[in-house]
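Peer 1: Sharing a structure, written as structure tokens. Questions coming.
Here, each number is a calculation from the coordinates, and none is a lab measurement. Here the structure is a predicted model, which is why all the values come from computation and not from measurement. Heads up, the Cβs are rebuilt from the backbone with ideal geometry, glycines too, and the neighbour counts pull from every protein chain shown.
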Amino acid sequence: MVYNPRGETETAAAMTTTTNRETDEFAVLWLQAGSCGGCTMSVLERGGAGWLEELRRFGIRLLWHPSLSEETGAEARAILARIESGEDRLDALVIEGSILRGPEGTGRYDMLAGTGRSKLDWVRALAPLAGHCVAIGSCAAFGGVPAGAPDPTDACGLQYTASEAGGALGADYRSRAGLPVVNVAGCAPHPGWIMETLAALSLRRLTAADVDGFGRPRLFADHLAHHGCSRNEFYEFKASAEDFAERGCLMEHLGCKATQAVGDCNQRAWNGGGSCTQAGSTCIACTSPGFEATRGFHHTPKIGGIPVGLPLDMPKAWFVALAALSKSATPARVRENARSDRVARGPAPSSDKRSGSEKRTGAEKAK
Ligand code: SF4
Ligand code: SF4
């Protein structure tokens, strides 16, 4: 039983004595492996009515979630047993957190309490039974933070270790629906990415064509985190901040990777109104495989004064030429504001105080 904002009761007994094979609900099992729990924290922000109510409206049933469900250990084990035996249908196996393969491939650094089995073992047992397998967060997708060097637990993602295909399930894994693992990358992923992916799967609207080369749903992976940043004007003129409190673009000196990272996080608000760059921090490319290997997230590595990591799709020579041109044309207002912690200089008022639409054309004046 999970928290239900409408107050309706939904007992564990009901779930464990009646098979779900006759229902058309989309049955989701959520497991946490090597996880900080931040992905769940993120999705709980979803929706005005709350995430659980939104799941309900899409006909998605959360069979069990380790942080949100109220089942006892025995009841939770019964749910797992019914899925594993085939008694209950599993439409989506959702994994949050990286899979810890150590020590020596046994997975026993991360056991599912009370079952005597590792999460690695459970994931390998349940994934072939699932209609879809969904990795929530960059840990589950690519290994993420737990896989950072020296990686004593031998952490990996479900189907990748950083950008190398394989992971816990192997590069050839396909779900019952024929898809590889769907990677809702991000640390944490935006709540909308999680919910919309589950909704699209439940509506059978997510196909192989709807994910990118790393299995990330294109609903967010077709965008760059740079798109929509409130600092875009500073980026255009390469007017850069040198301290975090300043308003300028964070790419040149402070390590912002949003021009190299997929995500629409600057186009839709987090927690009602923010993003990393909006909050004054840089984009650390958390949707990218291997992002955790970056040395010094808040510093831009350069060679000969040119940032090593350039925007995706942009040849280096173009970037250098455009940057030089932009810097030579930077308006004083933009240059000044870039190094200020508040708007130091507003836009110069037009000499004609009427707005453009109020101005009369020469032909109108002649009438
Ligand atoms: S992806 Fe980030 S937020 Fe999610 S479990 Fe891993 S470390 Fe935590
Ligand atoms: S701070 Fe980052 S996201 Fe914002 S404009 Fe600069 S490069 Fe783009």
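Peer 1: Across the chain, how large is the tail of the calculated P(r) beyond 36 Å, expressed as a percent of all Cα pairs? Spell out each step's value before the answer.
Peer 2: Details: 22218 of 67161 pairs.
Pairs farther apart than 36 Å: 33 percent.
Peer 1: Only sites in a loop by DSSP and with at most 12 other Cβ atoms within 10 Å count here; which trypsin sites (Lys or Arg not before Pro) in region 166-261 make the cut?
Peer 2: Values: sites: Arg174, Arg176, Arg204, Arg205, Arg218, Arg231, Lys238, Arg247, Lys257; in loops: Arg174, Arg176, Arg204, Arg205, Arg231, Lys238, Arg247, Lys257.
Here the sparse-neighbourhood loop sites are Arg204, Arg205.
Peer 1: State the cysteines of the chain left without a partner when partners are defined as other cysteines whose beta carbon lies under 4.7 Å away.
Peer 2: Cysteines of the chain left without a disulfide-compatible partner: Cys36, Cys39, Cys133, Cys139, Cys156, Cys229, Cys249, Cys256, Cys265, Cys276, Cys283.
Peer 1: Looking at the chain, identify the longest residue range that excludes and avoids all chymotrypsin sites (Phe, Trp or Tyr not before Pro) in DSSP loops having at most 14 other Cβ atoms within 10 Å. Write out the running numbers ahead of the final one.
Peer 2: Working: sites that count: Tyr3, Phe244.
Here the longest segment lacking exposed loop sites spans 4-243.
Peer 1: Stokes-Einstein D for region 224-340 at 37 °C, 0.692 mPa s, Kirkwood Rh over Cα pairs, in µm²/s? Display every interim value, and only then the final one.
Peer 2: Details: Rh = 14.4 Å.
Value of D from the Cα-based Kirkwood radius: 228 µm²/s.
Peer 1: With +1 on each Lys and Arg Cβ and -1 on each Asp and Glu Cβ, how big is the dipole of region 208-269 about its Cα centre, in debye rounded to the nearest 20? Present the calculation step by step, with values, prior to reporting the outcome.
Peer 2: Numbers: 7 positive and 10 negative charges, 30 e Å.
That gives a dipole near 140 debye.
Peer 1: For region 27-111, rounded, prolate or oblate, judged on the Cα gyration tensor with a ≥ b ≥ c (square roots of eigenvalues), a/c < 1.5 rounded, else prolate if a/b > b/c?
Peer 2: Taking the square roots of the gyration eigenvalues as a ≥ b ≥ c, region 27-111 is oblate.
Peer 1: Positive end of the charge dipole of the chain (Lys, Arg +1 and Asp, Glu -1 on Cβ, about the Cα centre): tell me which of Ser85, Gly346, Ile284 has its Cα farthest that way.
Peer 2: Of the listed residues, the answer is Gly346.
Peer 1: May I pose another question? Let me have the 222 nm mean residue ellipticity of the chain computed from DSSP H runs of 4+ only, each contributing -39500 (n - 2.57), with the sum over all residues rounded to the nearest 500.
Peer 2: -6500 deg cm²/dmol
Peer 1: Please give the helix 316-328 orientation as an angle from the longest Cα principal axis of the chain, in degrees from 0 to 90, rounded to the nearest 10.
Peer 2: On a 0 to 90 degree scale, this one is about 50.
Peer 1: Within the chain, how many lysine pairs that are 8 or more places apart, or on different chains, have C-alpha atoms less than 16 Å apart?
Peer 2: Numbers: Lys238/Lys257; Lys238/Lys302; Lys238/Lys316; Lys238/Lys327; Lys257/Lys302; Lys257/Lys316; Lys302/Lys316; Lys359/Lys367.
Number of lysine pairs found: 8.
Peer 1: Sequence-distant or interchain residues sharing an amide H contact under 5 Å with Trp64, placed H: which?
Peer 2: Trp30
Peer 1: Also: Report, to one decimal in Å, the Kirkwood hydrodynamic radius for region 111-260 based on all distinct Cα pairs. Kindly include the intermediate steps, with their values, before the conclusion.
Peer 2: Values: mean 1/r = 0.0580 Å⁻¹.
Taking the inverse mean of 1/r over all distinct Cα pairs, region 111-260 comes out at 17.3 Å.
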